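Chemist: Pasting in a structure now, in structure tokens, and then I'll have a few things to ask.
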Ligand code: G6P
């Protein structure tokens, strides 16, 4: 197996500081889990930002570095200005809303392009420094769209893959970006560019044609005398570990407590990063509509929404939080009684056991983003239901919808339609729930995160390297 050189904005770790002690723990996210084995087995390194470590003492920092080295991670520290201009600025104020079709969230005048380019240079420099002949380099996500091109300039013969974890928008949208050409050329430095869904591949190809006059021949693009491949690789989750967790006694105990405290109430659950792409306000309005329409459900329905704090320094996120807070307050004020509160809202992150208990204990899971590259919560929910029960209500604008056809698919902009779907889910007979969940679980288990990593890497490593290829006509 060739050595893997992984490059992503964030390292797959969390640095935990408790009083005097500091520790580095592996994150539980999809990418971290899926890549941990190939990363270790190949003997390669993972380059990325370990998060804000500015408050650590020198001794603590040395300890962190030692632990990172043990995990074969190479830290790239972002300065405060890089955090605000590269990470919060261009990545999350421009590219994130753009790729999610939210042009009105982008600042009128962007001043952070330079910081984005320079930070991408730093990632490329560090990756090139750690590169050994024969390595496979795999760059991840929109924060690093220029890195493949920068690496190609430094390492003309390297094998480079890039995966875009968020949607790639239609060419109409992408073309509004003043720096569209630089970004496209940056991506084309890769040998293989991966997206979650076929529609994103189509959008990318359309944009290449429109902006650079490049034709895509099935999955092949000729660019500057090289062949670049594109493909759809739907990311999965570590389904086996969710299934195991969902059967642990501690989780079953928690589910029992959840049900006992609910006093027979039907449960709806939503779990998201608090992000304006997740469609939480309309989801809340849909729950409100259900309560409005069915007085019999008042006091008999509880919606637990977990919102994990995210990118809190970006104004759009702070404003979104206010909108959500206000709606939750309004619904609870209107439909709460002294004995019951319809919306149970948690603004914090939960550990895996707590999450799986909610997946396992709910009647209905609401995953209704207005736009989402894939959405792994939908898959985690199904993997956590070995009892083959529970109904998934899923947005048709999540990448996952292309695969999870047995969910109740909804338009997240249609509040009435979502209210209908919630009612349908609550009334669905057990045999239908079971049938749908069985089909969903089969897909989630077959196309898990290990399958995703293997299909991307097999494809990338199966391509002839630049040095092996005959020159193009
Ligand atoms: C999305 C992006 C990832 C990002 C994650 C968390 O899933 O595709 O690249 O790491 O959100 O966001 P954060 O800004 O905290 O890294």
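The values are calculated or read from the model by the stated rules, or taken from the named source; none is laboratory data. No experiment lies behind these values; they were computed from the predicted model shown. Here Cβ is always computed from backbone atoms with ideal geometry, including for glycine, and neighbour counts include all displayed protein chains.
Chemist: For residues that are within 13 Å of the ligand (Cβ to nearest atom) and not in a loop (DSSP other than H, G, I, E, B), tally how many sit in segment 122-161.
Modeler: Residues meeting the conditions: 5.
Chemist: Could you check residue 298 against (1) over 30 Å from residue 247 (Cβ atoms); (2) touching a strand residue (DSSP E or B) at 6+ places or on another chain (Cβ under 9 Å) and say which number it fails?
Modeler: Residue 298 satisfies all of (1) over 30 Å from residue 247 (Cβ atoms); (2) touching a strand residue (DSSP E or B) at 6+ places or on another chain (Cβ under 9 Å) except (2).
Chemist: Taking residue 264 as meeting all but one of (1) away from the ligand (no atom under 16 Å from the Cβ); (2) under 29 Å from the mean Cα position of the chain (by Cα), write down the number of the exception.
Modeler: (2) is the only condition that residue 264 fails.
Chemist: Which one of these is surrounded by 18 or more Cβ atoms within 10 Å (Cβ to Cβ), outside any strand (DSSP E or B) and under 18 Å from the mean Cα position of the chain (by Cα): 35, 6?
Modeler: 35
Chemist: Continuing with this model, one more query. Checking the condition buried (at least 19 other Cβ atoms within 10 Å of the Cβ), closer than 28 Å to residue 135 by Cα and out of contact with any helix residue (DSSP H, G or I) (no Cβ under 9 Å at 6 or more places or on another chain), which residue from 201, 228 passes?
Modeler: Residue meeting the stated conditions: 201.
Chemist: With respect to the numbered conditions (1) within 22 Å of residue 241 (Cβ to Cβ); (2) within 16 Å of the ligand (Cβ to nearest atom); (3) touching a strand residue (DSSP E or B) at 6+ places or on another chain (Cβ under 7 Å), which one is the sole condition not fulfilled by residue 369?
Modeler: (1)
Chemist: Failed condition for residue 151, given (1) touching a strand residue (DSSP E or B) at 6+ places or on another chain (Cβ under 7 Å); (2) in contact (Cβ under 8 Å) with a residue 40 or more places away in the chain, with all others met?
Modeler: (2)
Chemist: Shifting gears a bit: For the condition more than 26 Å from residue 35 (Cα to Cα), within 16 Å of the ligand (Cβ to nearest atom) and in contact (Cβ under 8 Å) with a residue 60 or more places away in the chain, what is the one hit in 169, 178?
Modeler: Unique residue meeting the criteria: 169.
Chemist: Can you confirm whether segment 13-29 contains a residue that is within 13 Å of the ligand (Cβ to nearest atom), in contact with a strand residue (DSSP E or B) (Cβ under 9 Å, 6 or more places away or on another chain), within 28 Å of residue 451 (Cβ to Cβ) and assigned to a helix (DSSP H, G or I)?
Modeler: no
Chemist: Looking at segment 430-441, is at least one residue touching a residue at least 24 places away in the same chain (Cβ under 8 Å) and closer than 30 Å to residue 138 by Cβ?
Modeler: Within segment 430-441, one or more residues are touching a residue at least 24 places away in the same chain (Cβ under 8 Å) and closer than 30 Å to residue 138 by Cβ.
Chemist: Right, another one. Looking at residue 55, is it part of a loop (DSSP other than H, G, I, E, B), at pLDDT below 95 and exposed (fewer than 12 other Cβ atoms within 10 Å of the Cβ)?
Modeler: Here the answer is yes, as residue 55 does meet what is asked.
Chemist: Next question. Look through segment 305-323, keep the residues that are surrounded by fewer than 19 Cβ atoms within 10 Å (Cβ to Cβ) and away from the ligand (no atom under 16 Å from the Cβ), and return whichever of them is nearest to residue 97 (Cα to Cα).
Modeler: 319
Chemist: A follow-up question, please. For segment 183-203, state whether one or more residues are more than 16 Å from the ligand (Cβ to nearest atom), part of a loop (DSSP other than H, G, I, E, B) and closer than 22 Å to residue 374 by Cβ.
Modeler: Yes, the conditions are met somewhere in segment 183-203.
Chemist: Any residue in segment 299-322 that is at positive phi sitting within a Cβ distance under 6 Å of a residue that is crowded, with 18+ Cβ neighbours inside 10 Å and in a helix (DSSP H, G or I)? List the pairs, counting only those 6 or more apart or interchain.
Modeler: 311/92; 311/317
Chemist: Being within 16 Å of the ligand (Cβ to nearest atom), without any contact (Cβ under 8 Å) to a residue 24 or more places away in the chain and under 21 Å from the mean Cα position of the chain (by Cα), is that true of even one residue in segment 79-87?
Modeler: Scanning segment 79-87 turns up no residue that is within 16 Å of the ligand (Cβ to nearest atom), without any contact (Cβ under 8 Å) to a residue 24 or more places away in the chain and under 21 Å from the mean Cα position of the chain (by Cα).
Chemist: Name the single residue that is farthest from residue 351 (Cα to Cα) among those in segment 13-28 being surrounded by 14 or more Cβ atoms within 10 Å (Cβ to Cβ) and free of Cβ contacts under 8 Å to residues at least 40 places away in the same chain.
Modeler: Taking the candidates together, the pick is 14.
Chemist: Here's another thing I want to ask about it. For segment 355-462, which helices (runs of 4 or more DSSP H) that fit wholly inside it have 2 or more residues that are within 21 Å of the chain's Cα centre (by Cα), at pLDDT 95 or above and closer than 27 Å to residue 195 by Cβ?
Modeler: Once the helices (runs of 4 or more DSSP H) in segment 355-462 are filtered for at least 2 residues that are within 21 Å of the chain's Cα centre (by Cα), at pLDDT 95 or above and closer than 27 Å to residue 195 by Cβ, what remains is 377-383, 430-446, 449-462.
Chemist: Further question on the same structure: Go through the residues of segment 385-393 one by one and say whether even a single one is within 16 Å of the ligand (Cβ to nearest atom) and buried (at least 24 other Cβ atoms within 10 Å of the Cβ).
Modeler: So far as segment 385-393 goes, no, none of its residues is within 16 Å of the ligand (Cβ to nearest atom) and buried (at least 24 other Cβ atoms within 10 Å of the Cβ).
Chemist: Looking at residue 111 and the list (1) modelled with pLDDT of 95 or more; (2) away from the ligand (no atom under 16 Å from the Cβ); (3) more than 17 Å from residue 193 (Cα to Cα); (4) not in a helix (DSSP H, G or I), which single condition is not satisfied?
Modeler: For residue 111, the exception is condition (1).
Chemist: Give just the number: which of (1) closer than 16 Å to residue 230 by Cβ; (2) within 21 Å of the chain's Cα centre (by Cα) does residue 191 not satisfy?
Modeler: (2)
Chemist: If we scan segment 33-48, do we find a residue that is at negative phi, within 15 Å of the ligand (Cβ to nearest atom), in contact with a helix residue (DSSP H, G or I) (Cβ under 8 Å, 6 or more places away or on another chain) and free of Cβ contacts under 8 Å to residues at least 40 places away in the same chain?
Modeler: So far as segment 33-48 goes, no, none of its residues is at negative phi, within 15 Å of the ligand (Cβ to nearest atom), in contact with a helix residue (DSSP H, G or I) (Cβ under 8 Å, 6 or more places away or on another chain) and free of Cβ contacts under 8 Å to residues at least 40 places away in the same chain.
Chemist: Here is a further query. Count, please, the residues in segment 208-225 that happen to be closer than 14 Å to residue 193 by Cα and part of a helix (DSSP H, G or I).
Modeler: Summing the residues that are closer than 14 Å to residue 193 by Cα and part of a helix (DSSP H, G or I) in segment 208-225 gives 1.
Chemist: Still on this structure, please answer the following. Is segment 98-107 home to any residue that is surrounded by 15 or more Cβ atoms within 10 Å (Cβ to Cβ), within 14 Å of the ligand (Cβ to nearest atom) and in a helix (DSSP H, G or I)?
Modeler: yes
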